[in-house]
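Below is one structure, written out as structure tokens; comments come after it.
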Amino acid sequence: NIQADVKSGSKVIAQTIANLIRQKQQQGQNCVLGLATGSSPKTLYAELARMHKEEGLSFGNVISFNLDEYYPISKEAPQSYNRFMHNHLFDQVDIKPENIHIPNGEIKKEDIKAACADYEKQIEAAGGIDLQILGIGNNGHIGFNEPGSGIYTRTRLVNLTNSTRLANAYEFANISEVPRMAITMGISTIMKSRQIILMAWGPAKAIAVKKAVEDEDSEIVPASFLQNHDNVSFVLDEAAAAGL
Ligand code: GLP
């Protein structure tokens with residue numbers, strides 16, 4: 001799905017999310033969303049917040065699971081994905097605080113394994129993810145599944161590549177402040193979602209998008225594994241689609 005720009009692309013995704021939330025509401029069911037952070041979903045979340053305010057879209061039945069979080073990081077740090085989600089979406093809508101799930105960047109190292117296993121269990125207990133929203137890193141990562149992440153990976157602690165730390169350094173005082181690790185859903189966690197939408201905007205994403213769509217699927221470009229999902233779409237602007 002190629003759209004003229006970020007704004008129209010984000011609207012398409014927001015409409016898909018809103019339709020699903022409303023459809024589930026009518027059926028008296030929860031809507032389980034997998035959510036992403038980074039610069040890519042900012043316009044999408046602004047649009048969802050607008051739909052809440054102006055069109056009465058309720059998040060009362062939404063259960064959310066975020067893809068990833070830096071490790072270690074304080075929940076209240078301005079760069080944390082916890083803070084990001086509250087600023088850009090959760091504080092703007094009527095989602096119930098107990099329905100929000102974000103990997104915890106504050107836990108002790110020895111507790112991480114158990115917390116990751118628990119995160120997977122919580123997703124299962126919620127009935128699995130109905131719709132997973134993804135961005136894509138310049139190197140083809142999804143969540144923080146860097147190149148080399150296998151198809152069977154689940155939620156776990158990972159090392160960030162230097163290119164990813166560099167790409168995200170703009171949020172921090174300098175690159176040495178960017179955490180070296182993260183907790184991320186795995187490829188298999190993501191692939192279990194019933195529907196996946198990946199968004200990418202701007203020329204910097206064109207090569208990663210082309211590889212994800214056209215190269216043979218492999219660990220070199222983790223997003224290429226999405227080729228094996230039967231309900232996935234890429235929403236792109238023209239610049240991000242330029243290599244296709
Ligand atoms: C970040 C996040 C990913 C995101 C990607 C692209 O590091 N962990 O979930 O999709 O990198 O980021 P951006 O949208 O800022 O380009």
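Here, each number is a calculation from the coordinates, and none is a lab measurement. Note that the structure is predicted; figures quoted are calculated from it, not measured. A quick note on method: Cβ atoms are made from the backbone with ideal geometry, for glycine too, and the neighbour counts reach across all protein chains shown.
Taking every residue in segment 16-43 that is within 11 Å of His88 (Cβ to Cβ) and pairing it with any residue that is assigned to a helix (DSSP H, G or I), at least 6 positions away or on another chain, the pairs with Cβ-Cβ distances below 7 Å are Leu35/Met85; Thr37/Tyr81; Thr37/Phe84; Thr37/Met85; Lys42/His88; Thr43/Val6; Thr43/Lys7; Thr43/Ser10. Scanning segment 4-62 for residues that are within 16 Å of the ligand (Cβ to nearest atom) and of a type in the set (S, T, N, Q) turns up Ser10, Thr37, Ser39, Ser40, Thr43. Scan segment 88-106 residue by residue and report those that are within 14 Å of the chain's Cα centre (by Cα) and among the acidic types (Asp, Glu). Scanning segment 88-106 gives no hits.
The single residue among Glu124, Glu120 that is out of contact with any Ser or Thr (no Cβ under 7 Å at 6 or more places or on another chain) and either in contact (Cβ under 8 Å) with a residue 40 or more places away in the chain or among the charged types (D, E, K, R) (or both) turns out to be Glu124.
Checking each residue in segment 191-206 for being away from the ligand (no atom under 13 Å from the Cβ) and either in contact with a Phe, Trp or Tyr (Cβ under 8 Å, 6 or more places away or on another chain) or within 15 Å of Gly137 (Cβ to Cβ) (or both) picks out only Met191.
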